[in-house]
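Report on one structure; see the data block that follows.
The values are calculated or read from the model by the stated rules, or taken from the named source; none is laboratory data. Since the model is a prediction, treat every value here as computed from it, not as a measurement. With ideal geometry, Cβ positions are generated from the backbone for all residues, glycine too; neighbour counts draw on all protein chains shown.
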Amino acid sequence: MSITLNRLRVAIVGSGPAGFYAAEALQKAAPGIAIDLIDRLPTPFGLVRGGVAPDHPKIKSVTRIFDRIASQPGFRFLGHVRVGQDVTVDELRARYHVLLLCHGADADRSLGIPGETLPGSHAATEFVAWYNGNPDHAAAHFDLTQREVAIVGIGNVAMDVARILAKPTSELAKTDLADHALQALAASQVQVIHLVARRGPVQAACTTPELRELGELEGVEVIVDPRDLELDPASAAELAAMDDRNPAKNLEVLREWAARPRTGAPRQMVLHFNASPVALTGTDRVEGMTLVHNRLEGDGRGGVRAVPTDETRTLPVGLVFRSVGYKGRALAGVPFDERKGVVPNVGGRVVDAPGSETPIPGLYVAGWIKRGPQGIIGTNKLCATDTVTQLLADVAAGAMPTIADEVLPIDTLLAERGVVVTSWADWQRLDQAEQARGAAAGRPRAKITAIDEMLTIVRA
């Protein structure tokens with residue numbers, strides 16, 4: 001017998017923007033629908049809490065919308081539950097008509113070059129998680145005694161890393177930057193930050209507001225070689241054909257910087273375009289980065305590709321952050337596309353193998369694990385809504401799997417395994433505790449970064 005929409009039981013894995021927006025779309029379609037939003041951390045909000053830069057608080061205000069979604073009848077938050085360890089995908093599918101995966105793409109892509117595993121070489125994602133107080137990375141160490149640092153990549157994550165490294169800690173102290181990161185950055189000896197971009201300024205993935213902020217930092221001068229801003233024919237043609245104005249605005253900002261006289265500021269931000277790292281050098285740790293100069297040419301599809309030349313140089317850096325993209329991780333019991341780093345799907349319906357069009361009943365995806373790491377927070381709303389549209393069509397068609405009456409409830413199963421599950425009320429207590437600690441120091445919050453401490457507060 002087919003299940004009706006108002007009797008549907010839904011589990012959403014991942015409490016970032018995609019997970020919350022999916023819950024909202026379901027609530028609009030069926031007020032009071034039973035939704036369990038599951039996250040491996042005791043706290044919600046995913047990259048809004050653990051990825052958005054602390055000095056961009058307006059972006060985090062989206063959590064007010066998430067609070068409203070969480071207050072609706074039928075909604076539950078099940079924090080501190082690790083899908084794949086505390087409970088399997090098959091066990092969830094046995095207890096819910098719908099399993100909607102929104103757990104994102106938190107693994108970094110590697111450079112694939114010699115020396116990449118030397119101490120001093122890090123994923124930018126790890127650094128971002130560290131300064132945002134993610135419990136998984138709170139104990140990480142970054143050698144900020146180094147004078148010169150390189151960031152490989154020129155997307156918005158690279159912009160965030162560069163800005164946090166260069167910004168005066170007097171400014172960062174007004175944010176919710178993790179306490180351990182604030183202390184480490186206050187003692188930082190970093191003076192030169194190199195940003196390395198494989199292609200040219202037209203292909204830079206960062207948004208103009210993020211780029212412009214680099215030139216507004218106190219005590220920092222941005223250095224751009226004017227020769228890097230001379231467009232090759234393929235880039236000029238690509239720019240002329242673009243509807244997106246962001247690359248042209250980026251180019252304006254960069255040209256303005258290139259024309260500025262040198263100021264001798266205590267910190268420098270040096271942008272290197274048309275350059276790729278080919279090796280990290282050093283004996284016991286990173287001591288340098290070898291770059292190859294690239295020539296840009298058309299790729300035959302209206303885009304531009306980088307072709308290495310025989311011209312190389314070495315930057316004397318002792319710390320490197322790789323910021324060349326995210327990818328998803330495979331989850332036991334769910335098909336995975338290793339090449340794309342996503343769960344294979346058609347319109348949000350998970351299919352049984354990459355390239356297949358055979359959907360697995362009751363299994364869906366939204367967010368980065370569906371489409372890859374692209375877009376801004378708001379992009380996830382459309383993505384999640386599109387998936388829910390397919391889900392609702394499947395409900396109407398009677399295509400949902402059934403649930404056995406005798407199956408052990410999820411709460412009982414987790415309790416028997418000794419899993420301490422945090423609720424939305426528990427999160428609200430943690431939220432209040434963080435805000436109270438922050439208020440004492442004139443900050444919006446002081447993040448609790450240890451799971452044991454979180455659980456102690458919850459139990460109390």
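Considering only region 289-309, state which residues are within 28 Å of the chain's Cα centre (by Cα) and not in a strand (DSSP E or B).
303
Quick check: anything in region 379-401 assigned to a strand (DSSP E or B), in the same structural domain as residue 14 (by TED's automatic domain parsing), modelled with pLDDT of 95 or more and surrounded by fewer than 20 Cβ atoms within 10 Å (Cβ to Cβ)?
no
List the pairs whose first member sits in region 289-308 and is within 12 Å of residue 237 (Cβ to Cβ), whose second member is surrounded by 13 or more Cβ atoms within 10 Å (Cβ to Cβ) and hydroxyl-bearing (Ser, Thr, Tyr), and whose Cβ atoms are under 8 Å apart, counting only residues at least 6 apart or on separate chains?
296/235; 304/235
Suppose we filter 67, 36 for residues that are assigned by TED's automatic domain parsing to the domain that holds residue 360 and surrounded by 20 or more Cβ atoms within 10 Å (Cβ to Cβ); which single one remains?
The unique qualifying residue is 36.
Can you tell me how many residues in region 432-460 are over 26 Å from the mean Cα position of the chain (by Cα) and either within 14 Å of residue 175 (Cβ to Cβ) or part of a helix (DSSP H, G or I) (or both)?
Residues in region 432-460 being over 26 Å from the mean Cα position of the chain (by Cα) and either within 14 Å of residue 175 (Cβ to Cβ) or part of a helix (DSSP H, G or I) (or both): 10 in total.
Scan the helices (runs of 4 or more DSSP H) fully inside region 136-246 and keep the ones with 1 or more residues being β-branched (Val, Ile, Thr).
156-166, 169-172, 208-214
Conditions tested, residue by residue: (1) touching a residue at least 40 places away in the same chain (Cβ under 8 Å); (2) within 19 Å of residue 121 (Cα to Cα).
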residue: 157; (1), (2): yes, yes
residue: 164; (1), (2): yes, yes
residue: 172; (1), (2): yes, no
residue: 190; (1), (2): yes, yes
residue: 199; (1), (2): yes, no
residue: 204; (1), (2): yes, no
residue: 227; (1), (2): no, no
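Inspect region 105-112 for any residue being of a type in the set (Asp, Glu) and in contact with an Asp or Glu (Cβ under 8 Å, 6 or more places away or on another chain) and give the result as yes or no.
yes
Can you tell me which residues in region 83-129 are assigned to a helix (DSSP H, G or I), more than 16 Å from residue 409 (Cα to Cα) and of a type in the set (A, V, I, L, M)?
124, 128, 129, listed by residue number.
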